[in-house]
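Before any comments, here is the structure.
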Amino acid sequence: MTDQAKKAALFRALHERPEPFLIPNPWDAGTARILAALGFEALATTSSGVASSRGRARATAAEILDNCREIDAATDLPVNADLENGFADDPAAAAAMVVRAAATGAVGASIEDATGNGEQPIYEFGLAVERVRAAAEVAHDLPIPLLLTARAENLLHGFGDLDETIRRLQAFEEAGADVLFAPGLRTAEDIRAVVSSVGKPVNVLMGTADPSLTLERLGELGVRRVSIGGGLSRAALHAFKAAATEMRSGRFDFVAGLPGIGEI
């Protein structure tokens, strides 16, 4: 069995456990190794974290794939690739990104129904479903089948309501998605409603959910996977900006709390 096959088997097994698992989002090899050292069991890339590291609002497809390759090589943990909308509207073209992600070593990938177009932020329902179906067929036909996560992004973009989210997730499940994800869920009640409406594992993004929800509580709600998206990247940049602002004012108190280079 190849290393990628072992990672794929482990990743699938994590979704089959009765309790949820945490899948944090590093943005480079160094942050990936820190997370591995802390005992996390899997990693997910963050397209927003990659974009922020390059000083832009959005990364390119090539940058996303290069980042997947870097993070996969950094540890022995399974990696899920954040592929945004597949960088294409056409279902077959978007599905091709799944193949490219698998070639980087990723054993999971997510495809979303956000268009990247501010005038029409969410794909029409029928097209959104066809995109997931095409991606799922490709993912499952790979020599090492890839676990496909389908993301309903409507809540993040003010498009429809929770009923629309559930409608899309149910259709994505029928189209072959292995994991379902609706960024923008906030309350325990909404999370419970989504989990109870589908039969596949549900990922919850704690970058938008009520931060008082604990992992234990999310498990009680039936959640199987918990991510943070670009949250760790934003936390790091927030700390960086605060320290740089203090330095700009001529003070260096932040240095007193820094870990040693050896620890890092």
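With the condition kept exactly as written, say whether any residue in the stretch 123-146 is in a strand (DSSP E or B) and of a type outside the set (Gly, Ala, Ser). Full working, then the answer.
Initially, the stretch 123-146 is screened for residues in a strand (DSSP E or B), giving none.
No, the conditions are met nowhere in the stretch 123-146.
Give the residues of the stretch 173-197 that are more than 19 Å from the chain's Cα centre (by Cα) and outside any helix (DSSP H, G or I), sorted by residue number. So that I can check it myself, show each step before the final result.
So in the stretch 173-197, the residues more than 19 Å from the chain's Cα centre (by Cα) come out as 174-175, 187-190, 192-193, 196-197.
Passing the criteria: 175, 187.
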Margin query: Return the pair list, or none, for Cβ contacts closer than 9 Å from residues in the stretch 158-187 that are closer than 22 Å to residue 21 by Cβ to residues that are among the hydroxyl-bearing types (Ser, Thr, Tyr) and modelled with pLDDT under 95, at least 6 apart or on different chains.
Written below: 183/208; 184/208; 185/208; 186/208
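Just one of 246, 216 is among the acidic types (Asp, Glu), under 26 Å from residue 53 (Cα atoms) and part of a helix (DSSP H, G or I); which is it? Give the steps one after another, and end with the answer.
Numbers: 216 fails: under 26 Å from residue 53 (Cα atoms).
It is 246.
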Check: Residue check, residue 229 against (1) assigned to a loop (DSSP other than H, G, I, E, B); (2) at negative phi, all met but one. Which one?
Finding: (2)
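From the list 9, 37, which one is exposed (fewer than 15 other Cβ atoms within 10 Å of the Cβ) and closer than 21 Å to residue 262 by Cβ?
Details: 9 fails: closer than 21 Å to residue 262 by Cβ.
Selected residue: 37, the only one of 9, 37 that is exposed (fewer than 15 other Cβ atoms within 10 Å of the Cβ) and closer than 21 Å to residue 262 by Cβ.
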Notebook entry, point to check: Between a first residue in the stretch 119-136 that is surrounded by 15 or more Cβ atoms within 10 Å (Cβ to Cβ) and modelled with pLDDT under 95 and a second residue that is of a type in the set (Phe, Trp, Tyr) and in a helix (DSSP H, G or I), which pairs have beta carbons less than 7 Å apart while being 6 or more apart in sequence or on different chains?
Noted result: none
Margin query: Every residue in the stretch 71-101 that is within 16 Å of the chain's Cα centre (by Cα), charged (D, E, K, R) and assigned to a helix (DSSP H, G or I), please.
Written below: 72
Checklist line | Looking only at the stretch 28-63, and only at residues there that are among the basic types (Lys, Arg) and touching a residue at least 12 places away in the same chain (Cβ under 8 Å), the one that is farthest from residue 88 (Cα to Cα) | finding: 33
Next item on the list: Note down all Cβ pairs under 6 Å where the first residue falls in the stretch 6-27 and is at negative phi, the second is of a type in the set (S, T, N, Q), and they're at least six residues apart or on different chains.
Entry: 23/227; 25/46; 27/46; 27/53; 27/233
Check: Counting just the residues of the stretch 102-122 that are part of a strand (DSSP E or B) and within 16 Å of the chain's Cα centre (by Cα), which one comes out farthest from residue 4 (Cα to Cα)?
Finding: 114
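The values are calculated or read from the model by the stated rules, or taken from the named source; none is laboratory data. For clarity, every value in this text was computed on a predicted model and none was experimentally measured. Every residue, glycine among them, receives a Cβ derived from its backbone with ideal geometry; neighbour counts consider all protein chains shown.
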